[in-house]
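Following this message is one structure expressed as structure tokens.
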Amino acid sequence: QVQLVESGGGLVQAGGSLRLSCAASERTFSSYLMGWFRQAPGKEREFVAYISPSGATTYYADSVKGRFTISRDNAKNTGYLQMNSLKPEDTAVYYCAAGRSIFQMLAARPDYWGPGTQVTVSS
């Protein structure tokens with residue numbers, strides 16, 4: 001069982017930056033893909049990015065490509081999402097997740113979810 005807790009959300013102006021963190025409870029976190037998802041009010045939860053267990057491979061949704069960077073530090077059991085050039089449409093609750101397969105990530109069906117952290121971008 002892997003427990004995930006996000007932090008780093010908040011209110012930022014358009015064009016600003018935030019860095020989200022995802023702390024995992026278990027060392028086995030290093031064997032999982034890690035992903036970030038978001039859910040805006042009235043919308044379905046959507047995929048944002050994932051990173052492979054080693055950190056060598058990353059993949060992004062088109063809507064965030066070039067602005068967001070996913071990374072991880074397995075020694076600290078922690079993952080990150082650096083968000084730059086934020087837009088009002090990035091406003092959502094952001095969720096960290098861990099899963100065994102790329103399919104799980106792209107289908108928004110990971111094994112574990114964090115509780116989420118609110119990101120609000122003002123115009």
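The values are calculated or read from the model by the stated rules, or taken from the named source; none is laboratory data. From a predicted model like this one, the values you see are computed outputs, not experimental measurements. Backbone-built Cβ (ideal geometry, glycine too); neighbour counts: all protein chains shown. Side chains included, ligands, DNA and RNA excluded: accessible areas come from the protein's heavy atoms. Shrake-Rupley method; radii C 1.70, N 1.55, O 1.52, S 1.80 Å.
If the cut-off is 12 Å between C-alpha atoms, which aspartates and glutamates fall inside it for Lys76, apart from same-chain ones fewer than 8 positions away?
Result set, ordered by chain and number: Glu26.
Can you send over the solvent-accessible area of Lys65, 1.4 Å probe, protein chains only, in Å² to the nearest 10?
120
Carbon and sulfur together cover what percent of the accessible area of the chain at a 1.4 Å probe radius? Show your work: numbers first, answer last.
Working: 2950 of 6180 Å².
So the carbon and sulfur contribution to the accessible surface is 48 percent.
Largest first, what is the accessible-area ranking of Trp113, Trp36 with a 1.4 Å probe? Provide the component values of the computation, followed by the final result.
On the way: Trp113 90, Trp36 0 Å².
The ranking, largest first, comes out as Trp113, Trp36.
Over the range 82-123, what is the relative contact order in whole percent, taking alpha-carbon pairs under 8 Å and six or more residues apart?
Relative contact order here is 52 percent.
Could you name the lysines in cross-link range of Lys87, using Cα to Cα under 26 Å and dropping any fewer than eight places away on the same chain?
Lys43, Lys65
If I model a spin label as a point 7 Å beyond the Cα along the Cα-Cβ vector, how far apart are those points for Gln39 and Ser63 in nm?
Each label point is offset 7 Å from its Cα along the Cβ direction, giving 1.4 nm.
Let's see if you can work this out: charge +1 on each Lys and Arg Cβ, -1 on each Asp and Glu Cβ, no other charges. What is the dipole magnitude of the range 12-123 about its Cα centre, in debye to the nearest 20?
Values: 12 positive and 8 negative charges, 24 e Å.
Once rounded to the nearest 20, the dipole reads 120 debye.
Accessible area, 1.4 Å probe, largest first: how do Glu26, Glu89, Glu6 sort?
Glu89, Glu26, Glu6
Among Gly66, Gly79, Gly99, which one shows the biggest mean-square fluctuation in a GNM of the chain, springs joining Cα atoms closer than 10 Å?
Gly66
If DNA, RNA and ligands are ignored and the probe is 1.4 Å, what is the ranking of Ile102, Ile70 by accessible area, most exposed first?
Details: Ile102 80, Ile70 10 Å².
Ranked from most to least accessible, the order is Ile102, Ile70.
I've got another one for you. For Val5, tell me the accessible area in Å² from a 1.4 Å probe, rounded to the nearest 10.
Counting only protein heavy atoms, the figure is 80 Å².
Still on this model: Considering only protein heavy atoms, what per residue accessible area in square angstrom results for the chain with a 1.4 angstrom probe?
50
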